[in-house]
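Dropping the structure in here first, questions after.
The values are calculated or read from the model by the stated rules, or taken from the named source; none is laboratory data. If you're wondering where the values come from, they're calculated on a predicted model, not measured in any experiment. Cβ: placed from backbone, ideal geometry, glycine included. Neighbour counts: every protein chain shown. These accessible areas exclude ligands, DNA and RNA; they are computed on the full protein's heavy atoms, side chains included. Shrake-Rupley method; radii C 1.70, N 1.55, O 1.52, S 1.80 Å.
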Amino acid sequence: MYKNIIEYLGHEDFHTNTPLISMPLRDGNLVSLADLVGPGEHDELCGLVAEQILKALDYLAFYGMCHRGVKPDNILYTNLGQKEFLFQLADFGMASLSQMAVTSCGTNWYQAPELYQNYGKAPQTPKMDVWSLAATILATHHSFPFPPFHARAYHEVFEAVQTCVAGIPFLKRMAAEDPERRASAAQMLIAPFQDIGLTTPRGHVPPLML
């Protein structure tokens with residue numbers, strides 16, 4: 001691939017202040033994939049999405065970054081065959097260091113409640129991305145009535161999330177209203193995924209709050 005880029009641009013074009021940013025094509029995003037898998041395959045699909053995107057979110061959180069735009073449209077996939085998929089988090093146009101994240105961001109159905117309850121006061125943290133991933137999983141699994149297309153105000157979106165996650169401890173931890181009590185990506189990787197793909201040092205991860 002790199003050889004082709006060099007041949008296309010010409011060697012002299014690398015002496016420029018205008019960088020070339022390229023990304024390989026993928027098979028699609030999570031929106032299209034969710035419609036392709038069979039009715040009984042959404043549990044497995046959502047498990048794969050959760051594990052792989054939690055790894056990406058933990059990596060970002062370790063370096064103090066918030067993606068601020070996690071949603072099904074921004075999760076790309078490559079079909080590896082045998083019902084295996086590689087998922088990649090895309091669209092970092094709203095990503096920011098946590099201490100610099102102050103603007104409104106995201107898509108209403110996937111936005112964390114702190115953006116509405118304490119906008120301008122509560123800090124934006126990587127915990128927002130964990131909430132958004134929980135909402136993304138709800139939207140991907142066809143058993144959940146999510147997104148709430150009828151919603152006209154955020155409190156209706158919030159209530160829809162809480163109704164869906166009730167009785168599902170894994171998602172309930174990710175969708176806690178209070179970000180202080182919400183699980184981090186690192187905590188979620190430790191709990192069900194045995195630390196696989198963890199970037200945050202294991203000893204720096206506090207236990208999950210009940």
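Just to verify a result, which residue in the stretch 95-128, among those that are buried (at least 16 other Cβ atoms within 10 Å of the Cβ), in contact with a Phe, Trp or Tyr (Cβ under 9 Å, 6 or more places away or on another chain) and not in a loop (DSSP other than H, G, I, E, B), is modelled with the lowest pLDDT?
TYR116
Let me ask something else about it. Tell me, please, whether a residue that is in a helix (DSSP H, G or I), more than 18 Å from PRO192 (Cβ to Cβ) and of a type in the set (A, V, I, L, M, F, W, C) can be found in the stretch 56-66.
yes
Okay, next question. Could you list, in sequence order, all residues of the stretch 179-205 that are β-branched (Val, Ile, Thr) and open to solvent by 50 Å² or more (accessible area, probe 1.4 Å)?
Selection gives ILE196 alone.
Residues in the stretch 75-86: is at least one assigned to a helix (DSSP H, G or I) and in contact with a helix residue (DSSP H, G or I) (Cβ under 9 Å, 6 or more places away or on another chain)?
Checked against the condition, which is being assigned to a helix (DSSP H, G or I) and in contact with a helix residue (DSSP H, G or I) (Cβ under 9 Å, 6 or more places away or on another chain), the stretch 75-86 yields no hits at all.
Take the residues in the stretch 37-63 that are over 20 Å from ALA191 (Cβ atoms) and loosely packed, with under 15 Cβ neighbours inside 10 Å; name whichever of them is modelled with the highest pLDDT.
Looking at the filtered set, the residue picked out is TYR63.
Further question on the same structure: Looking at (1) over 12 Å from the mean Cα position of the chain (by Cα); (2) among the hydrophobic types (A, V, I, L, M, F, W, C); (3) part of a loop (DSSP other than H, G, I, E, B), which is the only condition PHE92 fails?
Looking at each condition in turn, PHE92 falls short on (1).
Scan the stretch 137-162 and report the pairs whose first residue is polar (S, T, N, Q) and whose second residue is open to solvent by 10 Å² or more (accessible area, probe 1.4 Å) and in a loop (DSSP other than H, G, I, E, B), with Cβ atoms within less than 8 Å and a gap of 6+ or a chain change.
From the stretch 137-162, the pairs are GLN162/GLU177.
For the stretch 69-80, which residues satisfy the criterion of being open to solvent by less than 20 Å² (accessible area, probe 1.4 Å) and over 12 Å from GLN52 (Cβ atoms)? First the steps, then the outcome.
Restricting attention to the stretch 69-80, the residues satisfying the condition of being open to solvent by less than 20 Å² (accessible area, probe 1.4 Å) are 69-70, 72, 74-75, 77.
Result: GLY69, VAL70, PRO72, ASN74.
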